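The values are calculated or read from the model by the stated rules, or taken from the named source; none is laboratory data. What you are looking at is a predicted structure, and each value in this text was computed from that prediction instead of being measured. Here the Cβ positions follow ideal geometry from the backbone for every residue, glycine too, while neighbour counts run over all protein chains shown.
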Amino acid sequence: MSAAPRLVVIVGPTGAGKTATAVALARAVDGEIVSCDSQQVYRGMDVGTGKAGAAERAAAVHHLLDVVAPDAEMTAARFTALAEAAIADIAARGRPVIVCGGTGLYVRALLYGLFEGPPAVPALRAELDQVAATEGTGALWTRLAALDPPSAARIDRHDRKRLIRALEVTIATGVPLSEHHARHDHRTVPPRYPHRLIGLTPRRDQLYAAIDARVDAMLAAGLLDEVVALRAAGFAPPLRSQQAIGYAELHEHLAGRLDLSRAIELIKRNSRHYARRQLSWYRGQAEVEWATAERVDLGDLAAYLRPPPP
């Protein structure tokens, strides 16, 4: 059995320049990019997820974009299976592999495998689902924050499925989900692929300015029209895909519950909060090599991906 291919994995907050860095590295080594983003898998969600555009796709082959419809179920397990197949295909053709994305759970599942956890407790899950239906996902998040602050810091307030699962595991076992995960991390589990994990981290003021500009650019590029088209096709909350930042707020606007200026303000605010969560996910991991997008040593990474023959 051949050895697992080396990977360069580029992570970091939204707006940090991950895609541009991945494309530059792919061009330098004639490599291909595997997207590791939980929203870019969905078809018809291009502008709001920051998918690589036509020029970037022409410059480097991208995998795991547009693989499922917005009403399809995408889990970390399903993503990992798709990513493994893509990586095997790329490596079999002798191309280096660059993984790029901000979804920390997917990155961890790919590199270290999944923590499957205890079995579901249907009665408890139904109870929590009812809380979400009557009081909103914010009530679930508040409860999780009291029981398991590290998990609450990582999970979006609108992510109903993950909030329910985190509470289910924590309540059923009496052990916080974050503690379960701590027993299954890079310090105790060997990686499934040799890799370099590159974290992009602009200064906070630069990051927030980039996020605001990115949201403005998405709106100028037709984000609102994209959400209108999704609604017309029958895709709307509570679909998980439509609760993503940028989509959830505009669905609220189109439903008449939020004026556009306030929706835009919330998209920017929620994007900043998400960026902080993305950074906190990796801050405690010693293996992350931190740099700004401008200071990434592409030559060093290229040498890692294409080592000299023995």
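Working only within the range 218-235, note down all residues that are in a loop (DSSP other than H, G, I, E, B) and buried (at least 19 other Cβ atoms within 10 Å of the Cβ). Show your work before the answer.
First, the residues of the range 218-235 that are in a loop (DSSP other than H, G, I, E, B): 221-222, 233-235.
The answer is Phe235, and nothing else.
Glu32 fulfils the conditions (1) in contact with a Lys or Arg (Cβ under 8 Å, 6 or more places away or on another chain); (2) more than 19 Å from Ile198 (Cα to Cα); (3) not hydroxyl-bearing (Ser, Thr, Tyr) except for a single criterion, (2). Pairing residues of the range 132-145 that are without any contact (Cβ under 8 Å) to a residue 60 or more places away in the chain and part of a helix (DSSP H, G or I) with residues that are crowded, with 19+ Cβ neighbours inside 10 Å and among the hydroxyl-bearing types (Ser, Thr, Tyr), at Cβ distances under 9 Å and at least 6 apart in sequence or on separate chains, gives Leu144/Ser151; Leu144/Thr170; Ala145/Ser151. Among residues of the range 17-37 being touching a Gly at 6+ places or on another chain (Cβ under 8 Å) and part of a loop (DSSP other than H, G, I, E, B), the one that is surrounded by the most Cβ atoms within 10 Å (Cβ to Cβ) is Cys36. May I ask you to list pairs of residues, at least six apart or on different chains, whose Cβ atoms are under 8 Å apart, with the first in the range 52-66 being under 17 Å from Asp37 (Cα atoms) and the second being in a helix (DSSP H, G or I) and among the polar types (S, T, N, Q)? Once the first residue is under 17 Å from Asp37 (Cα atoms) and sits in the range 52-66, its partners that are in a helix (DSSP H, G or I) and among the polar types (S, T, N, Q) give Ala52/Thr19; Glu56/Thr19. Listed by first and then second residue, the pairs with beta-carbon distance under 6 Å, at least 6 apart or on different chains, first residue in the range 157-178 and closer than 22 Å to Tyr274 by Cα, second small (Gly, Ala, Ser), are Arg157/Gly138; His158/Ala248; Arg160/Ala132; Ala166/Ser151; Leu177/Ser151; Leu177/Ala166; Ser178/Ser151. Within the range 143-191, restricting attention to residues that are more than 16 Å from Val121 (Cβ to Cβ), among the β-branched types (Val, Ile, Thr) and exposed (fewer than 15 other Cβ atoms within 10 Å of the Cβ), the residue that is modelled with the lowest pLDDT is Thr188.
Scanning the range 253-273 for residues that are surrounded by fewer than 17 Cβ atoms within 10 Å (Cβ to Cβ), assigned to a helix (DSSP H, G or I) and either in contact (Cβ under 8 Å) with a residue 60 or more places away in the chain or small (Gly, Ala, Ser) (or both) returns a single hit, Ser261.
Looking at the structure I just gave you, is Leu124 assigned to a helix (DSSP H, G or I), in contact with a helix residue (DSSP H, G or I) (Cβ under 7 Å, 6 or more places away or on another chain), surrounded by fewer than 20 Cβ atoms within 10 Å (Cβ to Cβ) and among the aliphatic types (A, V, I, L, M)? Reasoning before the result, please.
Numbers: assigned to a helix (DSSP H, G or I): yes; in contact with a helix residue (DSSP H, G or I) (Cβ under 7 Å, 6 or more places away or on another chain): yes; surrounded by fewer than 20 Cβ atoms within 10 Å (Cβ to Cβ): yes; among the aliphatic types (A, V, I, L, M): yes.
Yes.
Listed conditions (1) surrounded by 14 or more Cβ atoms within 10 Å (Cβ to Cβ); (2) part of a loop (DSSP other than H, G, I, E, B) are all met by Leu250, apart from (2). In the range 58-65 there is at least one residue matching the filter, namely being in the same structural domain as Cys100 (by TED's automatic domain parsing), outside any loop (DSSP other than H, G, I, E, B), among the hydrophobic types (A, V, I, L, M, F, W, C) and touching a helix residue (DSSP H, G or I) at 6+ places or on another chain (Cβ under 7 Å).
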